[in-house]
Amino acid sequence: MSFSSARGLLAAGLLLGASLLPAAAVAQQPVTIGMVTTLSTSGGYLGQDVRDAFLMAIAEEDGKLGGVPVRLLVEDDGLKPADGRQIVERFLKRDNADIVTGVIFSNVAVAVAPSVLAAGKFYISPNAGPSDFAGEKCDPNYFVVSWQNDSLHEAAGAYAQELGYGNAFILAPNYPAGRDALTGFKRFFKGNIAGEIYTKLGQKDYAAELAQIRAANPDMVFHFLPGGMGIDFMKQYVAGGFRETTPLVVSAPSMDTRIMGALGDAALGVRSASHWNSDFDNPANRAFVEGFEAAYGRTPTAYAAQGYDTAKLIASALRAVDGDMSRQADFRAALKRAEFDAVRGGFAFGANNHPVQDWYSLVVEKNAAGETVNRTTGKVLEKHGDAYAAQCRM
Amino acid sequence: MTLFLEQVLNGLQLGVTLFLLAAGLTLVFGIMGVINLAHGALYMTGAFVMSSVTMSTGSFLAGMLAALAAAAAAGALMELVVIRRLYRRDHLDQVLATFGLILFFNELASILWGRSPLYLNTPPLLQGLVEIIPGVAYPVYRLAIVAVGAAVALLLYVLITRSRLGMLIRAGATHREMVGALGVDIRLLYTLVFAFGALLAGLAGVMAGPLTSVEVGMGESILILTFVVVVIGGVGSVRGAFAGALIVGVTDTLVRAFLPGLLRLALPPASAAGVGSGLASMSVYIVMAAVLLWRPGGLFPAKGSRA
């Protein structure tokens, strides 16, 4: 099935679900979900995967989530916080959205989440988990399904530590999630930091940074450059001859299927830490990966898995209140219970509504069919929460 | 020391890319008095055409020729359809119209190539590393960019100072009414200059393709730096654009590379890295302000120009 026809089918499914509404026994209003996500720029594929997996979850139930009809509005923030904010204002004031989700980048998240919370609505993140809202400023209506930013990189730090590296060079873009990344890595990596660089968000040429890495001569490099930034960096890393001398240990966003696709064989041997991988052997994940590949003709990324889990979490809470969003307290309690089969395996929320989950080590290899894939090799951290939960009072 | 030399080389590489963009921009502004915000769109056109033609034919050379032709054609078309109507209008109209062109070109590129970036590999001939500074293996492709940029600069110098066309361009920048009065077909000259500037922007796009992702909107981020180059160099002056481009390229790279390290002597490491990278992105604007204080017309103001 081609990509566009699959999309068409999903859209048709959504329309069908909506058109059946008046016939339903209870004249139930659909619950409006506003999705503000990043669909353009070189980080655009992150949002596309979240959106497509979310749409897939809705299509599985013919336009419903948890048996409740939903109306999903999707808008592209273009990785611009100001645009994201305008879109969310529109969702809240014009469309009466009950739930806002979809945010990919943390600089957009810190701009839009306060508006949603001030309006008394639910903010459920499928990706960005900035430290800003994980500690003292945590909120009962603010949930993150993916990870708290730091913990994503704490896992990479723990993995680098486990591999026995003693001297690491680390770099990330200068924005909230980039600062969280380096803080998180250093929290679990006990070796020496040979150098630490903040790059510009959206930077494309890393010649200056690579020269500094060469001069510092580290054992390994950790970088958090999500989306197209990572592809540019990795291509230049390989072209500069670093692959032979300096191994990489990164966190999941720096080595997803898209980056592997763009790099080809150059990605082989790169190690990363992740909370999900396409080879996880649980029933929910097998069904998800198969369904996603059938619908869209591509391997899902971790972003897709997060988008799907977000939809399933929302479904579980909508079922608990039977679609009645006026039962705010019940809806909130149901979200917190997180009673759904997460594709990553176990899932629970910590005190600050951020996940407590297991982290795994992956390595890029060729599979039997000759494709470049991430293979899960072991577990790095068990039931790992984040460093900010203790500061959260709710 | 080798690190410093390597960073200077990186700075030169950024500098020549900026020069290719700035040369066209400064000529158009100097000669026709038009602020062309859509100059970055021509850079994007070059990069996209280069990537897609190279991917489908497998030949870097074919991709490059197609991209240069496409960028020059897009430039000529842009001049004939839109810019030509703006010569007598004020700068605000020009900014509005060329901003509209940015939106048009970006939307057209997303329709033609999609919103996902394209990635191109370095041509086999230019892959590999060469030890130009002892102990530092430098990518051949990056050296090639510096070489091409230097060659174009030389060519432009000869063209502008030694050829008849160059004489007309210089005259057009300073005494445009007089050039028209002497019977030169000013309209044709303008279209030619515009297409030539577009060609140079396309060349910059071609060279960026194998290095970084080719995506919609790639022209805008680099255009801002290009304007800084034009202002530092002096509007209308190609020599100024060359000097300005090298200053901006080397300053940006060196400050980005060394300032956080220097700040670490005075500040705790965590904040040094953050403050350093923040200051580094401001550095070229600080240089621009300093140059303007010292020489309000830029380093090499074109004589008699109104800027």
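A few remarks follow.
- Test: residue in region A:121-131 that is at positive phi and not in a helix (DSSP H, G or I): no
- Look at (1) in contact with a helix residue (DSSP H, G or I) (Cβ under 9 Å, 6 or more places away or on another chain); (2) touching a residue at least 40 places away in the same chain (Cβ under 8 Å); (3) assigned to a helix (DSSP H, G or I) and you find that A:D265 fails only one, number (1).
- Qualifying residue in region B:83-102 (condition: crowded, with 18+ Cβ neighbours inside 10 Å, of a type in the set (A, V, I, L, M) and closer than 30 Å to A:E209 by Cβ): yes
- Count - residues of region A:75-98 that are out of contact with any helix residue (DSSP H, G or I) (no Cβ under 6 Å at 6 or more places or on another chain), among the aliphatic types (A, V, I, L, M) and within 24 Å of A:M325 (Cβ to Cβ): 2
- Scan of region A:79-113 for residues that are surrounded by 19 or more Cβ atoms within 10 Å (Cβ to Cβ) and either in a loop (DSSP other than H, G, I, E, B) or outside the structural domain of A:Q28 (by TED's automatic domain parsing) (or both), ordered by number: A:L79, A:A97, A:D98, A:G102, A:V103, A:I104, A:F105
- Only one entry of A:F122, A:F143 meets the criterion of being buried (at least 23 other Cβ atoms within 10 Å of the Cβ) and in contact with a helix residue (DSSP H, G or I) (Cβ under 7 Å, 6 or more places away or on another chain), and that entry is A:F143.
Conditions tested, residue by residue: (1) within 10 Å of chain B (Cβ to nearest Cβ); (2) among the hydroxyl-bearing types (S, T, Y); (3) in contact with a helix residue (DSSP H, G or I) (Cβ under 7 Å, 6 or more places away or on another chain); (4) under 23 Å from B:Y138 (Cα atoms).
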{"site": "A:Q161", "(1), (2), (3), (4)": "no, no, yes, no"}
{"site": "A:N167", "(1), (2), (3), (4)": "no, no, no, no"}
{"site": "A:N174", "(1), (2), (3), (4)": "yes, no, yes, no"}
{"site": "A:A216", "(1), (2), (3), (4)": "yes, no, no, yes"}
{"site": "A:E244", "(1), (2), (3), (4)": "no, no, no, yes"}
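- Every residue from region B:63-88 that is of a type in the set (D, E, K, R) and more than 20 Å from the chain's Cα centre (by Cα): B:R84, B:R85, B:R88
- Subset of region B:234-272 [within 11 Å of chain A (Cβ to nearest Cβ), assigned to a helix (DSSP H, G or I) and farther than 28 Å from B:R142 by Cα]: B:P269, B:A270, B:S271, B:A272
- For region A:158-195, the set of residues classified as closer than 16 Å to A:S131 by Cα and either of a type in the set (D, E) or outside the structural domain of A:L362 (by TED's automatic domain parsing) (or both) consists of A:D180 only.
- Scan region B:29-43 for residues that are out of contact with any helix residue (DSSP H, G or I) (no Cβ under 8 Å at 6 or more places or on another chain) and either crowded, with 24+ Cβ neighbours inside 10 Å or at pLDDT 85 or above (or both) and the total you get is 0.
- Some residue of region B:101-109 being of a type outside the set (A, V, I, L, M, F, W, C), on the phi > 0 side of the Ramachandran plot and within 14 Å of chain A (Cβ to nearest Cβ): no
- Qualifying positions in region B:140-198 - basic (K, R) and farther than 24 Å from B:T98 by Cβ: B:R142, B:R162, B:R164, B:R170
The values are calculated or read from the model by the stated rules, or taken from the named source; none is laboratory data. Computed from a predicted structure; not experimentally measured. Methodologically, a virtual Cβ is constructed for each residue, glycine included, from the backbone with ideal geometry; neighbour enumeration extends over all protein chains shown.
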